[in-house]
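Report on the structure given below.
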Amino acid sequence: MSKHMPTRGLFALMLVVGAGQAQADITPPPFLATNGSRMYTFTAVHPPEEYQNIGIADGPANFPAVGHDVNGHVLVHGIRANGNGEFFRLRGNASNYWLDSIAVTDTYYNSFEVVGERVFAIKNLEGYWDAIVELDPFTYSELGTYGVFELGIGGMAYVPELNEFIVSDTRSNTFFGIDFGDGTSAGAVRTIGHAGMRWGANGLEYFNGVVFGTGIRGEDMKLVFGHVNLETGAFEVESVLGDAVRGAVGFGFVPSPGTLALLGAGGLLAGRRRR
């Protein structure tokens, strides 16, 4: 079982993995959060910058997932008007972001996650069932179903120390761990605990022992940022990004961990900063 707790400062967190292992403060990369067609960027020391609109002409206006590809490039996933999905590569810098379309998919995904050189995504099924499916890491076409669950999964993050996907169920406001097993099919599902709030659309991402995330807090319709207590399931709010709008929420890092810098300029202008 992993354990993490706040220490000093906003993002001074530490993880204890098993008994007797070292504790380490971490400094996460800059964050990127989406809500509907809006995008927020922020860091441990800088408050969020809001982009007014990252919608694409004749393309998605709702972005439920942020992540990276197997090479570390930052990707944003959108929902097209016809129900298809679209993957974009994010390029530029904090004053001028661009989105390049790289793949249109037959459906949209609530979240996607890279495990090694493989890509997994959350897909809505009929009724109260969701699936984790595997995607081709280059074309993003579906390769097969990894597991089916009676959950309304919003965000998903893979935690290597636990060898689990940590997922959020928006119906029960609860976090669960799904055993990755040997990678051929999903293993056992365990309950971590209640988020401590009405937990709406959300996104999750793992970094150095901590599962960070953003989500809509149902009690006041605020878009909140924080981290998941992996012992209790409580979502511990660090800051409020702004008033939420109804729609999808995505969350990731810019640049992704291990990437030294974003790619250069090019592609479609993502949006104009609100000042």
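Values quoted throughout were computed directly from the atomic coordinates according to the rules given, and no laboratory measurement underlies them. For clarity, every value in this text was computed on a predicted model and none was experimentally measured. Because the Cβ atoms are built from the backbone with ideal geometry, glycine has one as well, and the counts that use them run over all protein chains shown.
Summary of computed values
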item: Modelled FRET efficiency - R0 30 Å, E161 with A81, Cβ distances, 0.05 increments; result: 0.15
item: Gain on full stretching of the segment that runs from H46 to D106 - 0.36 nm per residue minus C-alpha separation; result: 17.8 nm
item: Packing rank of 190-197, 172-179, 134-141, where each peptide gets the mean count of other beta carbons within 10 Å, highest leading; result: 172-179, 190-197, 134-141
item: Simple spin-label estimate for V70 and R198 in nanometres, 7 Å along Cα-Cβ; result: 4.2 nm
item: Protection proxy ranking of 239-246, 31-38 - average other beta-carbon atoms within 10 Å, highest first; result: 31-38, 239-246
item: GluC sites (Glu not before Pro) restricted to the stretch 73-129 and DSSP loop, no more than 10 other C-beta within 10 Å; result: E117, E126
item: Chymotrypsin sites (Phe, Trp or Tyr not before Pro) lying in DSSP loop within the stretch 64-133, provided at most 16 other Cβ fall within 10 Å; result: Y128, W129
item: Label-point separation in nm, A188 to E231, each point 7 Å along Cα→Cβ; result: 2.1 nm
item: Residues whose placed amide H lies under 5 Å from that of L151, excluding near-sequence neighbours; result: D130
item: Check: the stretch 137-213 dipole with +1 on Lys, Arg Cβ and -1 on Asp, Glu Cβ, in debye; result: 300 debye
item: Selected from Y140, F112, L90, residue furthest toward positive end of dipole (the stretch 88-159; charges at beta carbon); result: L90
item: About the Cα centre, charge dipole magnitude for the stretch 96-243 (Lys/Arg +1, Asp/Glu -1 at Cβ), debye; result: 320 debye
item: Rough spin-label spacing in nm, given labels placed 7 Å along Cα→Cβ, for W129 and T27; result: 4.8 nm
